[in-house]
Amino acid sequence: MATEALRGVQTPTTAEPLRREGPLRRNLTTTWMVAVRELIRLRRTPSRIISGLAQPLLFLFVLGAGLKNVVGQNAGAGFDYIQFLFPGIVAMSILTSGLMAAISIVWDREWGFLREMLVAPVSRASLVLGKAIGGGSVAVVQGVLLVVVAPIIGVDLSVGSFFAMLGFLLLMAFALVSFGVVVAARMQRLESFQMVMALVLQPMIFLSGAIFPVRRLPEWLGVIVRFNPASYPVDAIRRIVLPGSPGLTIGGSLLPIWSEALITLGFGLAMLTLAVRLFSHTD
Amino acid sequence: MIVRGSVMVLRQTLVRLRFLLWDQRVGNPEPAVEVDGLIRRFGSFTAVDGVSFAVETGELFGFLGPNGAGKTTTISILCTLLRPTAGTARVAGCDVVKQQGLVRSRIGLVFQETTLDDYLTGSENLRFHAVLYGVPPREVRDRAQPLLEMVGLASRADHQVRFYSGGMKRRLEIARGLLHAPRVLFLDEPTIGLDPQTRVHIWEYVDTLRQRELTTMFLTTHYMDEAERCDRIAIIDGGKIVAIDTPAALKASVGTDIVTLLTNDDAAARAQVRRVFGIDGDLTPEGLRLDVRDGEAFVPRVFEHLTVGVQNVNVRRPSLDDVFLKYTGRGIRDADQDAVAQSKARMGAMARRG
């Protein structure tokens, strides 16, 4: 069998060394490939897309419908609760799937593929960057799929505000995946995953203003909300999708949307740097 | 068949000759692996205790030892996954500490555990690997297809790896390990847990590749027949190299043949042999085992003195298992069973988690 296959096989011997690409090109293509791999995997596991949509839709229609009459029109300037909830839910979906995408590093570690990447002659930074871009794109795909329900609940999205929102979703996804990689860098087992969900993801969602308005919160909660890096993109997305929303204030003054973009970007870059550092010291 | 066989041999000789000439032109050929006084400690425990050896280019080098003997630690250092506490190691002409990146790009690794992405296809896994090792797309096209054909996966290349059998995954990993034309390929228990037929096939491929690419192979195994294929073998025990030579020389170093007598009363036969020849035999399920010089000459002499009836006599030269036993006090197969049990436990744990 082997000899059959041999005839007609022409492979070079070590006497003619294989041409190799330089380190820069190798690292760049690695980043690209790691990112593309995330999207390939998403396409091949449709169940992930469905379960990624189920939770936000449940929140939107069940929680939204249930609390709509309790909250009345008090949620924000002239929007009902479901409409108020919508941008929060889109952001929540980014939070969840972004963090999940990053946690897939632990999955890779468990199933060995991480080792294939870590023993290769590429820098850890190019691997982490690829993961952030790929995981971020996966999260944005999930978030954008939710936009389909906007007309059903009476949210009017102009083309301009859709793209502004898309920009923020990308920024937020990138920041969240980087944050997730920091969390995952030292995680050895998938069991720790439950802990991350309970101690990181859920508090981040609840304290971001995604589910309820943060304006009339008790003062101590308000302080925590302002320390939560997710609050800023959530607020920005809401103000883009629902023009006239009150918006986050710090020390009584309203934050402009561009400053919220800067905060998110800064947080993302800081987390990415940290993630690269942490990853360079694991084996 | 004969014609094809001789053509293969001729071809192999020519390739080797060309390689020799080429190397001589360049200068003194450097060993593929060169280890000098390697030490690695974990806290107060010394896993590798002053190991030195060299592997020649093109050699199939077997690295054997019981579990916990320092095998994995040594390989991890050679693959730049672990730093040595002291000593030096050069792989493919580069220092594993100072030239980590260069070493990595010149070696290939096939681990015990699979490191494939289940949701990618066979050829996607290869392409991913090529990117990691900087093999340009044009070269990948030239190399991937022949390699896939060689390991018999060409027709399944576009299937996702999760639909592959264990043997197919292993073959894909070997093909992947060779994709970037490494100078040294590390095979850490490459056939563990596979059925005998798949193992034979994998070895056919490995031999073919060795002839074709002259890749140096650094192998760890618990299978005696695989160790037998090696050009040279090193046995490590307690963090030290206890023996290093060709399989034939190692077997000769045992010095005695193994005579097994199945008698009507093995215990009585054992007492008689001890009284007459001063040799302590071992009672085994196969009969009375005697380690003696020149077994063939010993048999007629033992027959003269035995009063119990003999049912069966077996004389054999020492095997690598006997070599292993002599230097480490354990059989290869004992160690193998440990390893299989470990790998089963790991799989079970994974299945439960999944």
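What follows is calculated from the coordinates using simple rules that are stated; it is not laboratory data. Everything numeric here is computed off the predicted structure, so don't read it as measured data. All Cβ positions, glycine included, derive from the backbone under ideal geometry; neighbour counts span all protein chains shown.
Averaging the Cα positions of each part gives two centres, and for the stretch A:80-150 and the stretch B:263-291 these lie 70 Å apart. Computed from Cα atoms, the angle from the helix A:23-44 axis to the main principal axis of chain A rounds to 60 degrees. For B:LYS326, list the lysines whose Cα falls under 29 Å from its own Cα; do not include residues on the same chain fewer than 8 positions away. Qualifying lysines at Cα under 29 Å: B:LYS71, B:LYS240, B:LYS251, B:LYS344. Between B:GLY239, B:LEU179, B:GLY193, the Cα set farthest toward the positive side of the dipole of the stretch B:168-247 (charges on each charged residue's Cβ, about the Cα centre) is that of B:LEU179. Between B:HIS305, B:HIS180, B:HIS201, the GNM of chain B built on Cα springs shorter than 10 angstrom shows B:HIS305 fluctuating the most. Inter-chain neighbour count for B:74-82: the average number of beta-carbon atoms from partner chains within 10 Å of each residue's beta-carbon is 1. Remark: the protein assembly as shown carries a charge dipole of roughly 1580 debye about the Cα centre, counting +1 on each Lys and Arg Cβ and -1 on each Asp and Glu Cβ. What does the charge count near A:VAL276 come to, summing +1 for each Lys or Arg and -1 for each Asp or Glu among other residues with Cβ under 11 Å from its Cβ? Summing Lys and Arg as +1 and Asp and Glu as -1 gives +3. Only helices enter the 222 nm calculation for chain A: every DSSP H run of n ≥ 4 contributes -39,500 (n - 2.57), and dividing by all residues gives -21500 deg cm²/dmol, rounded to 500.
Per residue, the convex hull around the alpha carbon atoms of the stretch B:31-250 comes to 118 Å³. If the Kirkwood radius is taken over C-alpha pairs of the protein assembly as shown, then at 10 °C and 1.306 mPa s the Stokes-Einstein diffusion coefficient equals 55 µm²/s. Applying the criteria of a DSSP loop state and at most 16 other Cβ atoms within 10 Å to the trypsin sites (Lys or Arg not before Pro) of the stretch B:257-289 yields no site. Among B:LYS71, B:LYS326, B:LYS169, the largest mean-square fluctuation in a Gaussian network model of chain B, built with springs joining Cα atoms closer than 10 Å, belongs to B:LYS326.
Seen against the Cα atoms of chain B and their longest principal axis, helix B:266-277 is set at about 80 degrees. For the stretch A:185-279, state which GluC sites (Glu not before Pro) are in a DSSP loop and have at most 15 other beta carbons lying within 10 Å of their beta carbon. Of the GluC sites (Glu not before Pro), the ones in loops of the stretch A:185-279 whose Cβ has at most 15 other Cβ atoms within 10 Å are A:GLU191. Here chain A is treated with +1 on each Lys and Arg Cβ and -1 on each Asp and Glu Cβ, and its dipole about the Cα centre works out to around 380 debye. Within 10 Å of the Cβ of each residue in A:253-262, the mean number of Cβ atoms contributed by other protein chains is 0. Among the residues of A:96-102, the average count of other protein chain beta-carbon atoms within 10 Å of the residue beta-carbon is 0.
Chymotrypsin sites (Phe, Trp or Tyr not before Pro), restricted to the stretch A:172-230: which are DSSP loop and have at most 14 other Cβ atoms within 10 Å? Of the chymotrypsin sites (Phe, Trp or Tyr not before Pro), not one in the loops of the stretch A:172-230 has a Cβ with at most 14 other Cβ atoms within 10 Å. Separation of the stretch A:52-68 from the stretch B:76-100 is 56 Å, based on Cα centroids.
Springs between Cα atoms under 10 Å define the GNM used for chain A, and in it the highest mean-square fluctuation of A:VAL234, A:VAL140, A:VAL159 occurs at A:VAL159.
For every helix of n ≥ 4 consecutive DSSP H residues, a contribution of -39,500 (n - 2.57) applies; sum these over chain B, divide by its total residues, and give [θ] at 222 nm rounded to the nearest 500 deg cm²/dmol.
It lands at -14500 deg cm²/dmol.
Relative to the longest principal axis of the Cα atoms of chain B, the long axis of helix B:332-353 lies at roughly 50 degrees.
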